[in-house]
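The values are calculated or read from the model by the stated rules, or taken from the named source; none is laboratory data. Bear in mind that the values here come from a model prediction, so they are computed numbers and not experimental data. Neighbour counts are summed over all protein chains in view; Cβ atoms, including those assigned to glycine, are modelled from backbone coordinates with ideal geometry.
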Amino acid sequence: MKNKQLCLLSIISSGLLVQADMTAAPLVSIGDNTDIFFNGSSSLRWASNIFRDEDSEVDDLTWTLSPGFEINVGRGASNADFSVITRYDVVRYQDNDELDVELFHIKALGSYKTSRLDVSGSVAYDENKSSSGESNITDDLIEFDTVKADLNAEYRVSPKFSFGSGFRYSETEYQTYTYYFADRESLTVPVDVFYELTSKVDLSLGYSYTNTDVDATLLSPNGDYTRESSFYNIGARGLLLPKVTGSFKVGYRTQDNDRPNSDDSGMLGLDANFSWSATPKLTMRLDLSRDFGVAGEGQSTENTSVDVSAAYSINSYFAASANLGYTVRDYTNTGRDDDQYNAGLRFSYSPNQYWSFSSGYTYSENSSNEVGRSYDNHTVDLTATLRY
């Protein structure tokens, strides 16, 4: 019976969106510079292991309705843009209805440009309910809130030199199982000097400082702790090779913290992303990272990740994409090692500027040397999105 209700709700929501599609975009315009859009989506998703459990897999069908709005300020303005995007997810499970939830999301982002100064930034708040992928709860999902903010500024001192700085801030606060998962707060401040080697390539010399505060849990005998890390790096950005654009920073990372029985450490650091325009229709992207992290239960980790993705435009209506990722997570001072794999395929159809339909498959796996931490999960989804 509930399966029929889910299908009925999905059909009703799609019908409402079809009627809304008759309205011209944007939904509302205020003056010469402000537009308000409706952003909505409806999706059905099946997952083979919703709790990401190693021994007892539970599958379920989830229906999500996500109405939202987007406010854009800056149309017609020469050097400033500002947007606010909101979304409210109504999530319903077919069999495990005790997991039903409503989640709020909001993000503000803006930019300002002059002949010498470029500034961009964003701030976002998200409510979440999921398994973390690395630390899960038996027969339940974890509720937590996240706050993220960033600011990037670059000033051109001369035709050859420019200076960049800003900050990245993130905060995670758990709403359930607070005795088990550790709240954390992190602030990163990068400083970079760029030199224009050619009209298409800049070289960089940089340093970034990160301060991370991790709260204690009832299961953590060592209490709160603070970790400080530094990244000394050199790099480049721009058109690095024919048809290859991107940026990279490579160098040495160090960390020290005041947690008992935890040693200071250092390692090779890397942040890189490359985009290859193989053909007018095919674009491929490579992302590489090696950095320190904090796991769900508050442990320090060393993370190395490789992600490859491709996007292919079949024609003006149809597109396809694929992704493949691998992450090695080494839990320092505990002996735990995790290998995470993910792969996915997606096809999309956009009949006009308002509508987009897509369907995709995702496979994820975690292989751990600690008992109870391994899992694999298959998901299939069908999504309709409307913006007007």
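Quick notes
- Residue identified as surrounded by 15 or more Cβ atoms within 10 Å (Cβ to Cβ), more than 26 Å from Tyr125 (Cα to Cα) and either modelled with pLDDT of 90 or more or more than 27 Å from the chain's Cα centre (by Cα) (or both) among Leu27, Leu61, Leu44, Leu65: Leu61
- Test: residue in the stretch 306-322 that is buried (at least 16 other Cβ atoms within 10 Å of the Cβ), closer than 30 Å to Val191 by Cβ and in contact (Cβ under 8 Å) with a residue 60 or more places away in the chain: no
- Number of residues in the stretch 43-85 that are of a type outside the set (D, E, K, R), within 29 Å of Leu117 (Cα to Cα) and out of contact with any Asp or Glu (no Cβ under 6 Å at 6 or more places or on another chain): the value is 9.
- Per the listing Phe194, Phe167, Phe163, Phe144, the residue uniquely part of a strand (DSSP E or B) and surrounded by fewer than 14 Cβ atoms within 10 Å (Cβ to Cβ) is Phe163.
- Within the stretch 49-91, being under 26 Å from Leu27 (Cα atoms) and touching a His at 6+ places or on another chain (Cβ under 9 Å) holds for Ser66, Gly68, Ile85, Thr86, Arg87, Tyr88, Asp89.
- Among the residues examined, Asp330 qualifies as at pLDDT below 95, at negative phi and part of a strand (DSSP E or B).
- When each of Thr283, Thr279 is tested for being among the β-branched types (Val, Ile, Thr), assigned to a strand (DSSP E or B) and surrounded by fewer than 18 Cβ atoms within 10 Å (Cβ to Cβ), the lone residue that passes is Thr283.
- Residue in the stretch 260-270 that is surrounded by fewer than 17 Cβ atoms within 10 Å (Cβ to Cβ), farther than 17 Å from Thr212 by Cα, free of Cβ contacts under 8 Å to residues at least 60 places away in the same chain and touching a strand residue (DSSP E or B) at 6+ places or on another chain (Cβ under 9 Å) present: yes
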